[in-house]
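Undergrad: Just passing along the structure, written as structure tokens.
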Amino acid sequence: MGSPARYFDGYSGKPRQVTIAVGTSTLAISALDDGRQIENWAFSDLRALPGGVKDGVFTLARKQGDARVECDDSVLLRDLRRQVRGLTRGPMRRRGTGRIALWAGGAVGALGVMIFALIPRLAVGLTDLIEPSIEMQMGDQVRGRLADISPFLMQDRSRACVAPEGRKALSLMVARLTEDMDLPYALQVEVWDADIVNAITLPGGRVIFFNDLIAQADSAEEVAGVLAHEIGHVAHRDGLRLSLRAAGSAGLLGLIVGDASGGAAAIVAAEQLLNASYTRDAEAAADEFAFALLDGADVDVAALGGFFERIGAEIGEPSGVAQHFATHPDLALRADQARSFGNSGTIHPILTDVQWQDLRQICDQTAPL
Amino acid sequence: MEQPPAREALAPSYHGSGGSLFWLMFRTTIYNLLTLGFYRFWQRTKTRQHFWNGIRVAGSPLEYTGTGLEKFLGFLIAVVFLAVYLGLFQIGFFFLGLKLTGGAEWVGVVSSLPVIPLVYYAQYRAQRYVLSRTQLRGIRFSMSQDAVRYVFVALWHLLLTVLSFGILYPRMQWYLEKFRTDRTSYGTMRMLLTGSWFSLLRPWLRVLACVYLPAIVMGILLYQDKKVGAGFMALGLIFLPFAWVYYRVASFRILTEAKSVGGVSFTSGARTGSVLAIYMLGYLLIGVIMTVIATIVGSVATLVSDTPTKVVVGWETLTDLGQLLTFGLIMAVYLGIFLTWSAMHAVFISQPLLSHFVTTLLIHDAQELDLVRQREQDDFLEAEGFADALDVGGAF
């Protein structure tokens, strides 16, 4: 006495009506019409297919092969569950641990080589192949974008500072620092009226000072120090280089999370970490450049150190975990580096007192951006 | 869709239960959380087993034979190739873009172009993988290996679609569907798509109308400086999602009816109204449940931290450990919400949609399926790894 079931032999799509019966160690499958046994599956070779359906239909198969038996006799299934251990285990297949380990190493290695070695190096090489004129056009466009969004960033003070005496003082400073320097393009230094204590370098030799930096500086030498640092970015073509690197590594870390399964936040954090570390390297290199430049122009290098220190005290140092996400190296360290670099020759003031006052009043006269 | 009475038709049924899917998703979602998403290969395997097993053709369930391990391996392989390919091509395209345009503003877009061919490659490979892991009556489905040609065909049609401002989109859809269908087999039976892409044009016109009519009228009104009227016309765009769903359902019906395998043919009675109802009811339910959960979690969090503002005030004085904990907490909440969302999406949207499309299908001359014979198993090293890494895995 067996249970009615439907049998597929794994070669043909034609169903056969059968009866199945649970023996002591086998499942016997017999044709319904003539009662002849078609197959006899050993319990050790038997499995029930997985599936989340609760209407009673289940499918039996062997560990290997495509023959299937479909049945809805819940008593028989309970009987089988009791007698056959590991009934719901999957089919037999090759174990892949070795291959998994191999390819996992390959995946991590490929990502690492690309992100940390190949793309940064390519970015350096390709930067040299871009004509300065192209980079200057990029810079013009970035400046245009900045000017567009500046009302949101700087409230209603988004204007360029154009007092003639101040501009004259600024160009004196630029001239003194870049005297015998061979830059890929002419420096274009300007001051914007905004309460941001910062200066930025855009591609193509554009440097923008925000007026609060000048207002908070104690001396012209401090401003000159920041300018020298920005000239470092210009000389290294950091804007273009970092753009190339970002384009190359875009989305690479995102490959790991693949479909949107929630790891996205982790990836955002990791990318932030990575960008920050690259930017920090560029900042450190620009500092090195600035120290040598100031020293060569007989400008007090230690003044830059004092400036770093004061800014650090004002905005508060990021500490611990947060420091890894910061784009700039820690300010106290930079101040120490500036002091210990010092000057090899005699120091000459970069501006006269009058010129320094002129520079501080550069925003007395403004123009639209 | 009315049936000609002379033909004997067989309707598949769907038996997947919401309860078991919910607990399956709930459980695997937790594993997914604990493994930072790496369990997803096994999660997808189990949900596919659930969905496939729920579909019955003449009483026989579909069977999904894919494994999580092979998906994981495929994903790793894809990452190796994609890391190199994307890295080199993206930086290369950005560089060439700068060189050729002289530094134009939109050059950043150029660097993302290398992804497009990969998307089609991945989609073809993913569909091929899923078919090769699908069985009915113990007989395998399969799809022949032609992903590279598929990419070129797809890019050509994509170009035509873009150049025709979207008018030729149904042509692209038709020929890509035909490309994939004509390479699909059930056992020894080849599947075919026959007919003309013009049949898709009529439903597509509704979508075009929803985009272009408001746009044209808006343009005219703006030209005449009637800004209020123009803004009013922008409201016309809210019909676009409905037109899109209508087109998706209509094109599914048309493409289904154009398909045949052996002597077997199909018709579909899928309805736009039912699909829209599933979406709206589903999202409404999810919205209500999420709101309830968010309220409970919010009140518990408030109780734990006394007042919500205290966290913000204490921020500066927090130690490294505190920052780390806060960071971890934010991550956990984010992941929790994200994955709960996907679990409920499966239960309230994906499964009802699948059920609708399955149960409205009619299989004509299904007795021909008895004639099918088995064919060899595809050995598929990289599974759907490319689709997974690029997030173009599709619905299931």
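Undergrad: Enumerate the pairs (first residue in the stretch B:16-37 and modelled with pLDDT under 85; second residue anywhere and hydrophobic (A, V, I, L, M, F, W, C) and not in a helix (DSSP H, G or I)) with beta-carbon separation below 9 Å, excluding pairs fewer than 6 apart on the same chain, so at least 6 apart or on different chains.
TA: That search, which allows pairs on different chains as well, returns B:ASN32/B:PHE38.
Undergrad: Could you go through the stretch A:17-33 and let me know if any residue there is more than 8 Å from chain B (Cβ to nearest Cβ) and under 30 Å from B:VAL347 (Cβ atoms).
TA: Looking for residues that are more than 8 Å from chain B (Cβ to nearest Cβ) and under 30 Å from B:VAL347 (Cβ atoms), one finds none in the stretch A:17-33, hence no.
Undergrad: List every residue pair whose Cβ atoms lie under 7 Å apart, where the two residues are 6 or more positions apart in sequence or sit on different chains, the first residue falls within the stretch A:29-46 and is touching a residue at least 24 places away in the same chain (Cβ under 8 Å), and the second residue, located anywhere, is part of a helix (DSSP H, G or I).
TA: That search, which allows pairs on different chains as well, returns A:PHE43/A:GLN83.
Undergrad: Out of (1) modelled with pLDDT of 95 or more; (2) surrounded by 14 or more Cβ atoms within 10 Å (Cβ to Cβ), the odd one out for B:LEU285 is which?
TA: Looking at each condition in turn, B:LEU285 falls short on (1).
Undergrad: Right, next: Exactly one condition in (1) of a type in the set (D, E, K, R); (2) modelled with pLDDT of 80 or more; (3) not in a helix (DSSP H, G or I) is not met by B:ASP225; state its number.
TA: The single condition B:ASP225 does not satisfy is (2).
Undergrad: Looking at (1) over 26 Å from the mean Cα position of the chain (by Cα); (2) more than 7 Å from chain B (Cβ to nearest Cβ); (3) in contact (Cβ under 8 Å) with a residue 60 or more places away in the chain, which is the one condition that is false for A:GLY98?
TA: For A:GLY98, the exception is condition (3).
Undergrad: Kindly evaluate A:ASP140 against the criterion of being acidic (Asp, Glu), touching a residue at least 60 places away in the same chain (Cβ under 8 Å) and not assigned by TED's automatic domain parsing to the domain that holds A:VAL22.
TA: Spelling it out, A:ASP140 is indeed acidic (Asp, Glu), touching a residue at least 60 places away in the same chain (Cβ under 8 Å) and not assigned by TED's automatic domain parsing to the domain that holds A:VAL22.
Undergrad: Also, I was wondering about something else. Give A:ARG47, A:ARG36 a once-over and let me know the one that is over 20 Å from B:LEU136 (Cα atoms), basic (Lys, Arg), in the same structural domain as A:ASP79 (by TED's automatic domain parsing) and touching a strand residue (DSSP E or B) at 6+ places or on another chain (Cβ under 7 Å).
TA: A:ARG36
Undergrad: Are any residues in the stretch A:214-223 closer than 18 Å to A:GLY312 by Cα, buried (at least 20 other Cβ atoms within 10 Å of the Cβ) and of a type in the set (A, V, I, L, M, F, W, C), and if so, which ones?
TA: A:ILE214, A:ALA217, A:VAL223, listed by residue number.
Undergrad: A further question follows. Among the listed residues B:LEU339, B:LEU321, which satisfies the condition of being exposed (fewer than 14 other Cβ atoms within 10 Å of the Cβ) and either modelled with pLDDT under 90 or more than 27 Å from the chain's Cα centre (by Cα) (or both)?
TA: B:LEU321
Undergrad: Take the conditions in a helix (DSSP H, G or I), more than 7 Å from chain B (Cβ to nearest Cβ), modelled with pLDDT under 90 and farther than 17 Å from A:ASP238 by Cα and apply them to A:ARG145. Does it pass?
TA: yes
Undergrad: Go over the candidates A:GLY263, A:GLY258, A:GLY204, A:GLY251 one by one and state the one that is modelled with pLDDT under 80, crowded, with 23+ Cβ neighbours inside 10 Å and on the phi > 0 side of the Ramachandran plot.
TA: Exactly one of A:GLY263, A:GLY258, A:GLY204, A:GLY251 is modelled with pLDDT under 80, crowded, with 23+ Cβ neighbours inside 10 Å and on the phi > 0 side of the Ramachandran plot, namely A:GLY258.
Undergrad: Taking only pairs six or more apart or across chains, which ones have beta-carbon atoms under 7 Å, a first residue in the stretch A:6-22 that is among the basic types (Lys, Arg), and a second residue that is surrounded by fewer than 17 Cβ atoms within 10 Å (Cβ to Cβ)?
TA: A:ARG6/A:GLN17; A:LYS14/B:ASP370; A:ARG16/A:ALA31
Undergrad: Does A:THR88 count as in a loop (DSSP other than H, G, I, E, B) and among the hydroxyl-bearing types (Ser, Thr, Tyr)?
TA: Yes; evaluated as a whole, the condition is true for this residue.
Undergrad: Give the number of residues within the stretch A:13-42 that are under 29 Å from B:SER17 (Cβ atoms) and not in a strand (DSSP E or B).
TA: 2
Undergrad: Let me ask another. Name every residue in the stretch A:54-85 that is within 14 Å of chain B (Cβ to nearest Cβ), β-branched (Val, Ile, Thr) and assigned to a loop (DSSP other than H, G, I, E, B), in order of residue number.
TA: If the condition is that a residue be within 14 Å of chain B (Cβ to nearest Cβ), β-branched (Val, Ile, Thr) and assigned to a loop (DSSP other than H, G, I, E, B), then A:VAL57 is the only one that fits.
Undergrad: Moving on to the next point. For the list (1) of a type outside the set (Ser, Thr, Tyr); (2) closer than 30 Å to A:ASP140 by Cα; (3) facing chain A (nearest Cβ under 8 Å), I need the number of the one condition that B:GLY97 fails.
TA: Of the numbered conditions (1) of a type outside the set (Ser, Thr, Tyr); (2) closer than 30 Å to A:ASP140 by Cα; (3) facing chain A (nearest Cβ under 8 Å), the odd one out for B:GLY97 is (3).
Undergrad: Checking B:THR134 against (1) more than 8 Å from chain A (Cβ to nearest Cβ); (2) over 20 Å from the mean Cα position of the chain (by Cα), which test does it fail?
TA: (2)
Undergrad: For the stretch A:196-238, give me each residue that is more than 15 Å from A:ALA290 (Cα to Cα) and within 29 Å of the chain's Cα centre (by Cα).
TA: A:ILE196, A:VAL197, A:ASN198, A:LEU202, A:PRO203, A:GLY204, A:GLY205, A:ARG206, A:ILE208, A:PHE209, A:PHE210
Undergrad: Moving on to the next point. Out of B:THR267, B:THR256, report the one residue that is surrounded by 14 or more Cβ atoms within 10 Å (Cβ to Cβ) and not in a helix (DSSP H, G or I).
TA: None of the other options fit; the residue is B:THR267.
Undergrad: So, in the stretch B:193-213, of the ones that are within 27 Å of B:PRO117 (Cβ to Cβ) and in contact with a Ser or Thr (Cβ under 9 Å, 6 or more places away or on another chain), which residue ends up surrounded by the fewest Cβ atoms within 10 Å (Cβ to Cβ)?
TA: B:LEU193
Undergrad: Looking only at the stretch B:94-136, which residues are surrounded by 19 or more Cβ atoms within 10 Å (Cβ to Cβ), out of contact with any helix residue (DSSP H, G or I) (no Cβ under 7 Å at 6 or more places or on another chain) and part of a loop (DSSP other than H, G, I, E, B)?
TA: Listed by number, the list holds a single entry, B:ARG133.
Undergrad: Can you name every residue in the stretch B:59-69 that is surrounded by fewer than 22 Cβ atoms within 10 Å (Cβ to Cβ) and either among the basic types (Lys, Arg) or within 8 Å of another protein chain (Cβ to nearest Cβ) (or both)?
TA: Result: B:GLY59, B:THR65, B:THR67, B:LEU69.
Undergrad: When you check B:SER13 against the structure, is it facing chain A (nearest Cβ under 8 Å) and either touching a helix residue (DSSP H, G or I) at 6+ places or on another chain (Cβ under 8 Å) or surrounded by 21 or more Cβ atoms within 10 Å (Cβ to Cβ) (or both), yes or no?
TA: Considered against the rule, which asks whether it is facing chain A (nearest Cβ under 8 Å) and either touching a helix residue (DSSP H, G or I) at 6+ places or on another chain (Cβ under 8 Å) or surrounded by 21 or more Cβ atoms within 10 Å (Cβ to Cβ) (or both), B:SER13 comes out as no.
Undergrad: How many residues, within the stretch B:273-282, are over 13 Å from B:HIS345 (Cα atoms) and surrounded by 14 or more Cβ atoms within 10 Å (Cβ to Cβ)?
TA: Matching residues across the stretch B:273-282 total 3.
Undergrad: Here's something else I'd like to know. Out of all the residues in the stretch A:114-137, which are of a type in the set (A, V, I, L, M), out of contact with any Leu (no Cβ under 7 Å at 6 or more places or on another chain) and either without any contact (Cβ under 8 Å) to a residue 40 or more places away in the chain or buried (at least 16 other Cβ atoms within 10 Å of the Cβ) (or both)?
TA: A:ALA117, A:LEU118, A:ILE119, A:LEU122, A:LEU129, A:MET136
The values are calculated or read from the model by the stated rules, or taken from the named source; none is laboratory data. It should be emphasised that the depicted structure is a prediction, and the values quoted were computed from it without experimental measurement. Every residue, glycine among them, receives a Cβ derived from its backbone with ideal geometry; neighbour counts consider all protein chains shown.
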